[in-house]
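Engineer: Here it is, the structure, as structure tokens.
The values are calculated or read from the model by the stated rules, or taken from the named source; none is laboratory data. Keep in mind that what you see is a predicted model, and the values were worked out from it rather than measured. Quick reminder, even Gly has a Cβ in these numbers, built from the backbone with ideal geometry, and neighbours come from all protein chains shown.
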Amino acid sequence: MRNVFFTMGCTFLMVLCLGCIKEDKFGLSDYKEIKSFEITGQAATTTINAEERTISIPFNEGEDVSAKAPSRIEISNMATISPAAGEAQDFGNPVIYTVTAENGSQATWTVSAVVAESQPQISNSNFDVWYDAGGYQQPGASSDDTVWDTPNKGIAIVGDPNTTPEDLGNGDYAAKMVSVSAPILVRMAAGALYTGSFTDGLLNPADPASNVNLGIVFTARPDAFSVDYRYLPGEEYLDADGNPLEGEDHMDIYLLLEKREGDQVARIGTAWYRSDATVEDWTNLQVHIKYGQLNASDPEFEYANIKAGETWASPDETPTHITVVFTSSALGDFFTGAIGSELWINNFELIY
């Protein structure tokens with residue numbers, strides 16, 4: 001997703017790439033993946049996390065998932081799965097599937113049905129819960145129990161994380177993002193927090209956004225969002241080459257509602273706030289969600305428009321995914337911004 005920042009260009013390391021081994025290699029295969037999982041009546045595309053071996057299947061509000069049978073399961077060649085496709089399960093609770101590879105090794109996959117609430121909120125959107133990810137903090141109860149992520153995983157390899165919790169007292173925490181000087185290859189790295197996940201692939205300094213999977217499953221239609229924030233832009237607003245730019249650095253806070261079908265992404269709703277104003281005291285911000293195509297007269301049209309390869313959906317469509325992004329430098333993914341820019345956010349809420 002465009003304008004997502006980041007930070008990852010500064011974390012490029014020399015990584016030894018192992019050659020890919022095909023599943024039909026000589027010998028007994030040890031592959032035990034689930035490649036697709038579908039249930040008749042699901043509301044949107046299945047989300048498969050191969051690293052965590054979790055599968056999430058969205059259903060509309062009020063759907064009874066107590067006796068659902070998978071209509072299609074695709075697994076690795078020569079592998080078997082239990083329970084089998086076609087066997088009804090109670091997806092009111094997570095269901096464990098065991099995939100057995102040709103060589104006898106096994107993997108367990110957790111399949112969950114996500115039934116939409118009437119007015120859902122995003123989990124841990126007050127940012128009070130953080131966990132130790134191995135030398136740095138990440139939002140959520142654990143890596144298996146979070147919908148938020150940051151670029152910390154990459155930048156912590158070569159420096160200090162730049163998205164961190166800030167204790168406001170009495171159990172109240174905010175998320176603080178700082179644009180910092182990059183230790184290698186690029187000039188700066190923006191702090192960021194977003195719904196989605198950081199990938200485990202080779203870090204790409206030329207295209208840091210490629211290291212991020214933005215968005216989570218979501219099927220509601222809120223009217224707006226609210227968030228408390230502070231913003232202090234850094235002193236020198238520079239481009240990627242260190243040349244001075246007019247004005248101040250900008251922070252970004254935005255929400256996108258999308259309908260995703262396979263590789264196709266269609267934008268349904270947009271709520272985007274970009275500002276270079278200094279906000280020293282905690283301030284509440286509310287941004288209305290615009291459903292349907294943006295117009296050239298919209299102040300955010302230039303930077304919030306759909307990107308190449310995406311389309312506009314009907315404004316009456318039901319979303320399948322929501323993306324929420326906060327970053328201390330709006331053009332951080334182009335390594336443009338001010339080192340020292342600081343953005344704090346707290347108490348994000350969807351308004352219906």
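Engineer: Restricting to the stretch 36-55, what's the tally of residues that are touching a residue at least 40 places away in the same chain (Cβ under 8 Å), surrounded by 18 or more Cβ atoms within 10 Å (Cβ to Cβ) and outside any loop (DSSP other than H, G, I, E, B)?
Structural biologist: Total satisfying the criteria: 4.
Engineer: Related question: Just checking, how many residues over the stretch 95-104 are of a type outside the set (Val, Ile, Thr), closer than 28 Å to Asp64 by Cα and surrounded by fewer than 16 Cβ atoms within 10 Å (Cβ to Cβ)? Steps first, answer last, please.
Structural biologist: Residues of the stretch 95-104 that are of a type outside the set (Val, Ile, Thr), as a first pass: 97, 101-104.
Okay, now just the ones that are also closer than 28 Å to Asp64 by Cα, so 97.
Adding the requirement that they be surrounded by fewer than 16 Cβ atoms within 10 Å (Cβ to Cβ) leaves none.
Summing the residues that are of a type outside the set (Val, Ile, Thr), closer than 28 Å to Asp64 by Cα and surrounded by fewer than 16 Cβ atoms within 10 Å (Cβ to Cβ) in the stretch 95-104 gives 0.
Engineer: Another one. Any residue in the stretch 113-135 that's within 24 Å of Glu61 (Cβ to Cβ): show its pairings with residues that are among the basic types (Lys, Arg) at Cβ separation under 8 Å, as long as the two are six or more apart or on different chains.
Structural biologist: Listed by first residue and then by second, the contacts come to Ala113/Lys68.
Engineer: Before we move on, is Ala330 at pLDDT 95 or above and outside any strand (DSSP E or B)?
Structural biologist: yes
Engineer: A follow-up question, please. In contact with a strand residue (DSSP E or B) (Cβ under 8 Å, 6 or more places away or on another chain), modelled with pLDDT under 95 and surrounded by fewer than 18 Cβ atoms within 10 Å (Cβ to Cβ), is that true of Gln293?
Structural biologist: no
Engineer: In the stretch 197-204, is there at least one residue being modelled with pLDDT under 90, part of a strand (DSSP E or B), under 17 Å from Gly332 (Cα atoms) and not aliphatic (A, V, I, L, M)?
Structural biologist: Yes, the stretch 197-204 contains at least one residue that is modelled with pLDDT under 90, part of a strand (DSSP E or B), under 17 Å from Gly332 (Cα atoms) and not aliphatic (A, V, I, L, M).
Engineer: For the stretch 56-68, give me the residue count where each residue is surrounded by 13 or more Cβ atoms within 10 Å (Cβ to Cβ) and either among the polar types (S, T, N, Q) or assigned by TED's automatic domain parsing to the domain that holds Asp144 (or both). Give the derivation first.
Structural biologist: So in the stretch 56-68, the residues surrounded by 13 or more Cβ atoms within 10 Å (Cβ to Cβ) come out as 56-61, 63, 65, 68.
In the following step, the residues that additionally are either among the polar types (S, T, N, Q) or assigned by TED's automatic domain parsing to the domain that holds Asp144 (or both) were identified as 56, 60.
Residues that pass the stated criteria total 2.
Engineer: Would a scan of the stretch 217-228 turn up a residue that is farther than 29 Å from Glu310 by Cα and modelled with pLDDT of 95 or more?
Structural biologist: yes
Engineer: In this structure, does Thr283 turn out to be hydroxyl-bearing (Ser, Thr, Tyr), under 30 Å from Lys35 (Cα atoms), assigned by TED's automatic domain parsing to the domain that holds Phe127 and in contact (Cβ under 8 Å) with a residue 12 or more places away in the chain?
Structural biologist: no
Engineer: Among all residue pairs at least 6 apart or on different chains, which show Cβ distances below 7 Å where the first residue, located in the stretch 313-341, is farther than 30 Å from Ile57 by Cα and the second is among the basic types (Lys, Arg) and modelled with pLDDT of 95 or more?
Structural biologist: That search, which allows pairs on different chains as well, returns Ala330/Arg274.
Engineer: Considering the stretch 128-140 alone, what residues qualify as being within 18 Å of Ala174 (Cβ to Cβ) and part of a loop (DSSP other than H, G, I, E, B)?
Structural biologist: Asp128, Val129, Tyr136, Gly140
Engineer: Looking at Phe91, Phe127, can you tell me which residue is in contact with a Lys or Arg (Cβ under 8 Å, 6 or more places away or on another chain), under 28 Å from Tyr352 (Cβ atoms) and among the hydrophobic types (A, V, I, L, M, F, W, C)?
Structural biologist: On the way: Phe127 fails: in contact with a Lys or Arg (Cβ under 8 Å, 6 or more places away or on another chain).
After ruling out the rest, the residue left standing is Phe91.
Engineer: From the list Ala85, Ala113, Ala174, Ala107, pick out the single residue that is assigned to a loop (DSSP other than H, G, I, E, B), in contact with a Lys or Arg (Cβ under 9 Å, 6 or more places away or on another chain) and not acidic (Asp, Glu). Outline the logic, then answer.
Structural biologist: Numbers: Ala113 fails: assigned to a loop (DSSP other than H, G, I, E, B); Ala174 fails: assigned to a loop (DSSP other than H, G, I, E, B); Ala107 fails: assigned to a loop (DSSP other than H, G, I, E, B).
Criteria check complete, one pass: Ala85.
Engineer: Among residues belonging to the stretch 110-133 that are closer than 29 Å to Pro70 by Cβ and hydroxyl-bearing (Ser, Thr, Tyr), point out the one that is modelled with the lowest pLDDT.
Structural biologist: Of everything passing the filter in the stretch 110-133, Ser118 is modelled with the lowest pLDDT.
Engineer: Can you name the condition, by its number, that Gly140 falls short on among (1) on the phi > 0 side of the Ramachandran plot; (2) surrounded by fewer than 16 Cβ atoms within 10 Å (Cβ to Cβ); (3) modelled with pLDDT of 95 or more?
Structural biologist: Status for Gly140: all satisfied but (2).
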